Amino acid sequence: MHTYTHVTHFNRTFEAEQDLSLGVVSLMLQPLLHCRMKMNGLQRIWSTWVPMKDFIASNTDECTATLMYAVNLKKSGSVSFEYIYPDSSIIFEFFVQNDQCQPREEESRWMKTTEKGWEKHTVELGHGNNVLYWRTTAFSVWSKAPKPVLVRNIGITGVAYTSECFPCKAGTYTAKSGSSFCQQCPANSYSGKGATVCHQCEPAMYSEPGSIACKTRPACTEKDYFYTHTACDPNGETQLMYKWAEPKICREDLHSAVPLPPSGVKRMCPPCNPGFFKTNTSTCEPCTYGSYSNGSGCINCPVGTEPVLGFEYKWWNTLPTNMETTVLSGISFEYNGMAGWEVAGDYVYTAAGASDDDFMILTLVVPGFSPPQSMTKDSENKEIARITFVFETICSVNCKLYFMVGVNSRTDTAVETWVGSKGKQSYTYIIQKNSTMSFTWAFQRTDNHAAGRKYTDNIAKLYSVNVTNVINGVASYCRRCALESSGSSCTSCPAGHYIDRDSGSCYPCPPNTYLKGHQPYGSQACIPCGPGTKNNKIHSLCYNDCHFSVSVEGRTLEYDFSALANTTSFSGDPSFTSKGLKYFHHFNISLCGNHGRKMATCADNVTDIHILDKEAESSKSATSYICQSIIVPSDMMGYKTVVSSQPVSLADRFVGVTTKSTLDNITSPDDYFPAENLGLSDVIFFFRSSDVTQTCNDGRATAIRVRCDPLKSPGTLSVPIKCAEGTCDGCTFHFLWETVEGCPLCSADDYHAIISACVGGIQRTTYVWREPKLCAGGISLPEQQVSICKTMDFWLKVGISAGTCAAVLLTVLTCYFWKKNQKLEYKYSKLVMNSSSKDSELPAADSCAIMEGEDAEDDLIFTSKNSLFGKIKAFTTKWSKSFDCWLRAVSKRLAKTNTEEGRTPTLRAHPSPHDPFPPKATSRWRTDPFHRPDRNLPSPLRRLPGPPPARHSISRKTKTSQPKAEQAENANNKQTTHRLQRLPQLPFQTQRQRKDAQSSRERRPLTSFNAPRARHRQLLRHPPAPSQNRTQRTVSGKTQLRTVGAGWK
């Protein structure tokens, strides 16, 4: 949808003498819009060009507004117009299309920003139809409203002749009919439409230039005058002078008017500025080279020193010769020749001006700079000089103070803006180009175009200005210099050397330090480099050579970032202005290497869009380690290429590289980029920028995290989620670079060996990376190794054979030692049973206790060299014979005992109450005297007619008949119990059985099993002869004979 606007109060140019006229084609300006906005949700206002009496102003929002004019030329001609283009935040282009809508390729399509006031632009036109386009697009991404583009006096030649003329608009006039232009009425005059002369206002009335009527003069107030100082007289005094602000629009004769204060009050002149001296006429003149001054008189520099040249202005009796002031009208944007700043002794302040929207301009021009030689040798050190000033603003509305810098008389660019009241403070700007520079301070009370002076009490004060290293400057002090060999004149120290203040000698800076270029005095001028960095050859800066090492848990990790040395571009997520214009924050990053050279460059192509394809010297750019610019896509603007604007340096100095999150008061919070792999820390690169802003007193800073990601090559860059623009506070920028190049170099600790099974006598060793693999480059995996081995079947056979032999051997040894133990125990038991009651007597031999020839047989079994199976067979035969012999001996003794006592052993189904071994649920007589299950006894003993013999000898009665009385039966039972206790011990009795048998004895045994080994050994070697000893004792009044049985071997 298009909206058409007829501009009726636009100045038209008529050139009748060239057969030219604008009447053939109706003057129709067609604002063609690309976007619109809503206000209060109801009214829709299109962004468009706005007529402003003498000129037409462009839009200042993010929409694209096109001013179009179509004209048919009878012959080739031209179009010319005047314009003001003060702000590069607006894209301004002018181009022409023919009747086939084919644009003419013109290098002048992209308009240049204007320096001062109106500039004229002319373009040739061809025969036929021509369509003229003035197109603007603004984008205020930093929430600043840009200044509009102004166009006036559009003139076209080559059109058909016409006799029709147009009258002059009101406020203008022409003295001659048929003139090509109309003149503006001067101040205090007015005119109507088609006037040939301007009418003067009454004395009580006033008017501004180009007015259509006069206004009543108000009463004068304090806002209508200002004060200034005169030059110092020969007596060194100055006069305080009060003046009415021009143009004077107030009346002094009114009752409420404030009179002008009296002038002429004399004061002592302030001293001259440093580097100047006062002449006899009380004027200030600069000191000659080689001398310095504090403002009173010039003093020659001592030997071994040199003057420090520059400009230092801190006393304001008059403006310095290299400073000028003027006023730029906020309505017509013309310089009216008025003084915008006035001196006040201790400071210089803004004057009243003609209107509150006027710009109060103060400009300082410096012809060039002469930096020290140590600074010129450093190609990467961009600091040539610096300017520092102290200022203050006092405002009741949103006044603005601009500080602008111009290079080689080109357009001044605003580098900093202060809005509203600001307390007394200082600001420093680093100068990076050695050329003619202009520094401008512009103060505007309000941007409201209402006429009059309501806020003249809103002022800006400038207290001091100091510029260093100025060509043909003056010196306020002298500094120590390096002396030549002769010691008479100064010379420069070699690169990387500092000057000793006492001796004037040059000394090299220690390794890993860089030299402060603008103050190379003393060892403190050598500043240590940060971690992970080293100095260049001339000690002018510290940089990282793309290599880094860190110790972690006893292991040293080596990093190689050489693949990241080239400049990398990165754009964040799209952002949108309040009007919906899409733009991107574009970053160029030069991470490391390049011997410290700054390789990232961001350009401004708003005023010359083709510079992205072809570099232009006049384009604004920022070169550093990291820079930022604003990118508007071409599809949003309708251009063939993207639009880049507002380049900013984010990193001028390399601070250091570390794995810690804080360095030099720069912090990179871990929660901005949460890590998934906690086993490996990020490597963080820290940078600083020398650009100081209102919010960043220490300049901007940047932290780049390089994170290991083996799956990303060359990697991806990102900004924190919570800070889409890369910064959360406007001062510190944060980036995350995930790349395989961020992994440490692989070492022997990053892989392990896998050994295969032995197959066919071959064993393979394979090396694999540990998972997850967090390394890259470095060493490679070793080749697979093959070795000869013995198979598992061979070792299995060897193991089985060895195990079988060991098992057989252990079995044989176990049987041997068990039999040996049983034999010794058996012999010992027999010796104990056959020992006599008296210690001096030897035991009597028993018949068949040990069969004759048994010892010899034992020797034969255990000493012969028969085979293993032969020994086992002999052992079995010997044990069987021994058991049979023992069984016959027991049977024989029981039969003999029963015969002597006249008793016959019988089997009883029911045991007697006096039977010491009653059967347990069986009709058979139990032969185990210790109440053990009969299955533990050999089968030949399970059906014996009586109890087995005891260890000790059994007492025998002399009578053989069976007693009939009860007393005799009890006595007989008691004697039987003693006989059972004297039975010989079975060879297979357990220790528990022997213990139970021993506890059942009624008399003390002859000896114990724990007798001394010496006696045991003696009994074994020399067995006593068999004998019988009879003893007599009285039991219950009766005499009993006890026979002690002799033991046997």
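The values are calculated or read from the model by the stated rules, or taken from the named source; none is laboratory data. Keep in mind that this is a model prediction, so the values were computed, not measured. Methodologically, a virtual Cβ is constructed for each residue, glycine included, from the backbone with ideal geometry; neighbour enumeration extends over all protein chains shown. For the accessible areas, the whole protein counts, side chains as well, though only heavy atoms, and no ligand, DNA or RNA atoms are used. Shrake-Rupley method; radii C 1.70, N 1.55, O 1.52, S 1.80 Å.
Assorted remarks:
- Across the cross-link table entries K223/K424; K382/K598; K248/K422; K433/K598; K516/K598, which are compared at the Cα atoms, the separations over 20 Å belong to K223/K424; K248/K422.
- Carbon/sulfur fraction of accessible area - the stretch 157-231, other protein chains in place, 1.4 Å, %: 56 percent
- Look at the dipole of the stretch 196-288 built from charges on Cβ: of C287, C250, A219, the Cα furthest out on the positive end belongs to C287.
- A probe of 1.4 angstrom, applied to the heavy atoms of all protein chains, finds E324 with accessible area near 100 square angstrom.
- Accessible surface for S713 stands near 90 Å², nearest 10, in the context of the full protein assembly shown (1.4 Å probe).
- In the assembled protein chains, M268 presents an accessible area of approximately 130 Å² (probe radius 1.4 Å).
- Residue order for I249, I538 - accessible surface, 1.4 angstrom probe, largest first: I538, I249
- Residues listed by number, the stretch 261-296, amide nitrogen under 18 Å from N472 label point at 7 Å toward C-beta: 275-277, 284-291
- Packing around the peptides 295-307, 765-777, taken as the average count of other Cβ atoms within 10 Å per residue, puts them in this order, highest first: 295-307, 765-777.
- Residue ranking by accessible heavy-atom surface, 1.4 Å probe, largest first, among W315, W110, W418 comes out as W315, W110, W418.
- Sorting V808, V632 on solvent-accessible area from highest to lowest, probe radius 1.4 Å, gives V808, V632.
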